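Below: one structure, written as structure tokens.
What follows draws every value from the coordinates through simple rules; no lab data is involved. Keep in mind that what you see is a predicted model, and the values were worked out from it rather than measured. With ideal geometry, Cβ positions are generated from the backbone for all residues, glycine too; neighbour counts draw on all protein chains shown.
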Amino acid sequence: MKNEKTKVWKNYFQLLFRSKLPVGLLITGLVFALVESLATLFFDKNIGSIIPEGDDVLIDYSGMTVEELVRICALLLALGLAALLAKVIVTYVSGLITAKVNRNIQNYAVKKVFRLKTAQLEENDSRELITRLTDDTAKSSEFVVELFVKELARIVVAVGAIVMIARFGVPTLVWSQIFQIPLIFAVSLLAGYITFKNRNKVQKKLAEVTARIAEKVDNIETIKSFRNEELEIERGNALLDEYDKVKKEAARVNKFNTLVDQITWIIPLAVIIIPASLIMFKGGITPAIFMSYFALANSCNTALKDQVPVWIKLKEAQGASLRLSSVICTELENEAAGETDIAKGDIVFDGVSVSYGENKALDNVSFTLKKGGKTAMVGLSGSGKSTVLNLIEKFYEPDCGTITLGSRDIRDYDYLSYRSCFSYLPQNAPAFEGTVREALEYSSDAPHSDEELCDALKRACVLEDIEALGGLDYRVGYNGEKLSGGQRQKLGIARLLLSDTEYVLLDEVTSALDAESTKAVSAEIDRFTEGKTVVIVSHDMETVENADSILVFDQGRLVAQGTHKELVSSCDLYKTLVKEAK
């Protein structure tokens with residue numbers, strides 16, 4: 001448990017400092033917070049009387065002249081205005097700091113997410129990550145202001161007030177202030193512990209509810225087709241009920257914190273007033289001293305009482321960093337040092353095995369993908385073909401065995417430099433919200449002319465469709481929802497035809513196309529990949545017949561390899577696949 005707590009604190013401060021705190025704004029806020037504190041202290045000290053030059057004895061008001069009274073009022077007014085102005089500036093700067101820190105933390109966290117290794121990303125629900133990146137990051141920015149801007153000012157007020165009270169020469173008044181410290185410390189710990197536990201529970205449930213409901217919304221057509229709207233409404237309401245329960249717990253925690261706030265105000269206030277009043281009635285202090293003492297004691301009490309919300313915000317931020325730890329404390333792809341000079345050559349799998357949990361996706365497979373050749377991979381669904389492509393792209397690392405490119409282990413290569421050698425077109429090619437032009441140029445380092453873009457669309461047999469929709473500037477919608485599945489796939493193929501790499505990975509690229517389009521597009525892809533190293537996964541046996549080498553997979557094992565002619569006569573599984581494809 002101790003190590004876990006240590007890690008949480010380490011994660012939290014790592015998050016703060018790596019996201020680049022706005023040092024200039026923090027110093028500005030701190031300076032004006034200290035100005036406010038000092039002005040408040042001297043205002044409190046002089047509320048009953050003023051200190052004459054060369055003397056530290058309070059003056060009785062009874063013998064004052066008009067000029068002295070005006071002087072007192074002017075001094076108090078100046079101190080009050082200084083404190084007010086400093087407070088306004090601190091509030092404004094604190095707002096700027098909160099916004100800046102919040103944005104910096106979000107930038108840092110988002111950068112981490114997009115550079116996480118694929119296996120690490122799959123350990124987290126994407127929608128839960130979004131909740132963490134938006135809501136949890138805000139928790140830290142609030143605490144930064146409290147800690148780096150306001151906390152030192154509070155300490156100055158508390159310590160300064162006690163020192164000034166000590167100058168009155170009445171020990172009882174000093175001890176009445178010191179008494180508050182353990183009380184406030186104890187209730188702060190209690191409130192912080194309860195808040196940390198509850199907020200963590202609320203945020204986890206919120207992330208879960210967000211993810212589950214978004215999943216249903218994304219699949220609304222499936223729900224409607226099976227006429228399960230009422231069932232999903234009930235399930236959605238059940239999720240919301242669960243969330244409502246933890247929110248009610250949060251409300252009770254807020255009530256408790258309010259009670260704590262009142263306790264840390266009322267009890268110390270009684271301790272401040274009662275002893276000092278008794279001493280004044282007995283003649284131990286004058287009314288003027290009592291007035292100055294009460295103002296100082298009240299400021300001291302406020303500064304100490306503010307430690308409760310500070311501690312609560314710290315625990316909230318700590319909980320947020322705990323939830324973000326799966327993102328901020330893992331090694332990024334770009335953090336691993338790697339060779340940027342990629343040696344082009346054969347891709348060789350040597351004794352490679354990969355498991356997803358308890359399921360073995362590849363089992364001790366070895367083969368060579370010849371440079372400049374076309375290799376096809378076939379097999380039943382789940383036999384390991386797509387896993388091979390994911391390994392080649394360094395989305396995953398093998399559990400054992402090695403993968404080499406140009407006789408060098410691909411783990412030695414820098415991720416970005418290595419992937420720049422490959423063009424990858426997956427099944428059901430994705431399309432992000434934006435224009436057709438943006439979708440086509442997504443994988444390009446340099447912009448293409450409209451003629452080049454239209455030519456790629458034409459070769460992918462989708463130019464007429466795009467022109468009918470509105471042309472290159474047509475917006476395809478969220479996930480390309482304004483396009484049909486075939487149009488999205490053809491758009492992905494057009495994007496592939498605009499790329500310029502030596503290695504091309506194709507995963508069921510014609511699965512969403514009709515027979516006529518498949519034939520035309522396949523011919524274009526063959527022309528495009530001529531002379532390149534091509535690795536293709538397909539259930540369309542006509543697509544793989546002209547491959548230089550065909551790998552046959554079955555339940556994660558490589559059971560045969562050879563040309564189409566060789567496999568038809570020697571591999572029963574391949575013969576079955578050819579027969580079923582006809």
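Report, to one decimal in Å, the Kirkwood hydrodynamic radius for the chain based on all distinct Cα pairs.
About 29.9 Å, per the Kirkwood formula over Cα pairs.
Between Rg and the Kirkwood Rh of segment 347-581, both from Cα atoms, what is the Rg to Rh ratio?
Across segment 347-581, the Cα-based Rg/Rh ratio is 0.98.
Would you pull out the residues with amide H under 5 Å of residue 550's amide H, same chain only if 5 or more places away, H placed 1.01 Å from N?
Those qualifying (amide H under 5 Å, at least 5 residues apart or on another chain) are 376, 562, 563.
Over 19 Å between Cα atoms: which of 394/519; 10/315; 490/519; 111/205; 360/385 fall into that group?
Listed pairs above 19 Å: 394/519; 111/205.
If you count, for each residue, the other Cβ atoms within 10 Å and average over each peptide, how do 448-455, 424-431 line up from highest to lowest?
Per-residue Cβ counts within 10 Å, averaged per peptide and sorted highest first, yield 424-431, 448-455.
Based on the Cβ-Cβ distance from residue 235 to residue 175, what FRET efficiency comes out when R0 is 56 Å, to the nearest 0.05?
Result of the calculation: an efficiency of 0.40.
In the chain, if the dipole is taken from +1 on Lys/Arg beta carbons and -1 on Asp/Glu beta carbons about the Cα centre, which of 354, 392, 198 is farthest to the positive end?
198
Between residue 381 and residue 514, what is the spin-label point distance in nm, taking each point 7 Å from the Cα along the Cα→C-beta axis?
In this crude spin-label approximation the distance works out to 2.4 nm.
What net charge is computed for the residues neighbouring residue 475, neighbours being all others with C-beta under 11 Å from the C-beta of residue 475, Lys and Arg scored +1, Asp and Glu -1?
Local net charge: -2.
Listing 533, 258 from the residue with the fewest other Cβ atoms within 10 Å to the one with the most, what is the order?
258, 533
Enter the angle in degrees (range 0 to 90, nearest 10) between the Cα long axis of helix 572-581 and the first principal axis of the Cα atoms of the chain, meaning the one along which they spread out most.
In the chain, helix 572-581 runs at an angle near 90 degrees to the longest axis.
Starting from the 7 Å offset along Cα-to-Cβ, what nm value, one decimal, do you get for the label separation of residue 433 and residue 555?
Between residue 433 and residue 555, the label points sit 4.6 nm apart.
Tell me the Rg and the Dmax, in Å, that the Cα atoms of segment 455-569 produce.
Considering segment 455-569 through its Cα atoms, Rg and Dmax are 16.1, 51 Å.
Can you give the charge dipole size of the chain about its Cα centre, rounded to the nearest 20 debye, using +1 on the beta carbon of Lys and Arg and -1 on the beta carbon of Asp and Glu?
2320
Using Cα atoms only, what is the angle between the long axis of helix 180-218 and the major principal axis of the chain, expressed in degrees (0 to 90) to the nearest 10?
30
Show that you can apply the helix-only estimate: for the chain, add -39,500 (n - 2.57) for every DSSP H stretch of four or more residues, divide by all residues, and state [θ] at 222 nm to the nearest 500.
-20000 deg cm²/dmol
Mind checking the dipole of segment 347-581: about its Cα centre, +1 per Lys or Arg Cβ, -1 per Asp or Glu Cβ, Debye to the nearest 20?
Rounded to the nearest 20 debye, it is 500 debye.
Counting alpha carbon pairs within less than 8 Å and at least 6 residues apart, what relative contact order, in whole percent, applies to the chain?
15
Using θ = phi - 60° and the Karplus curve 6.51 cos²θ - 1.76 cosθ + 1.60, what whole-Hz ³J(HN,Hα) does each residue of segment 533-549 get, with Gly and Pro shown as x?
So the Karplus estimates, Gly and Pro as x, are 8, 10, 10, 10, 10, 7, 8, 7, 5, 5, 5, 9, 4, 8, 5, 5, 8 Hz.
Once the dipole of segment 409-461 is set up with Lys and Arg at +1 and Asp and Glu at -1 on Cβ about the Cα centre, which of 416, 454, 430 lies farthest towards its positive end?
The Cα lying farthest towards the positive end belongs to 430.
Arranged by the count of other C-beta atoms within 10 angstrom, fewest first, what order do 366, 569, 522 take?
If I rank by nearby Cβ atoms, fewest first, I get 569, 366, 522.
With θ set to phi - 60° and the Karplus curve 6.51 cos²θ - 1.76 cosθ + 1.60, what are the ³J(HN,Hα) couplings of segment 486-500 in order, to the nearest whole Hz, using x for Gly and Pro?
Here the 3J(HN,Hα) series is x, 5, 4, 5, 5, 5, x, 5, 4, 4, 4, 5, 8, 7, 9 Hz.
Between residue 343 and residue 159, what is the label-to-label distance in nm when each label sits 7 Å out along the Cα-to-Cβ direction?
6.3
Report, in whole Å, the centroid distance computed from the Cα atoms of segment 529-582 and segment 347-387.
Spelled out, the Cα-based centre of one part sits 13 Å from the other.
Cα axis of helix 450-459 to longest principal axis of the chain: angle in degrees, 0 to 90, nearest 10?
Compared with the principal axis, the helix lies near 50 degrees.
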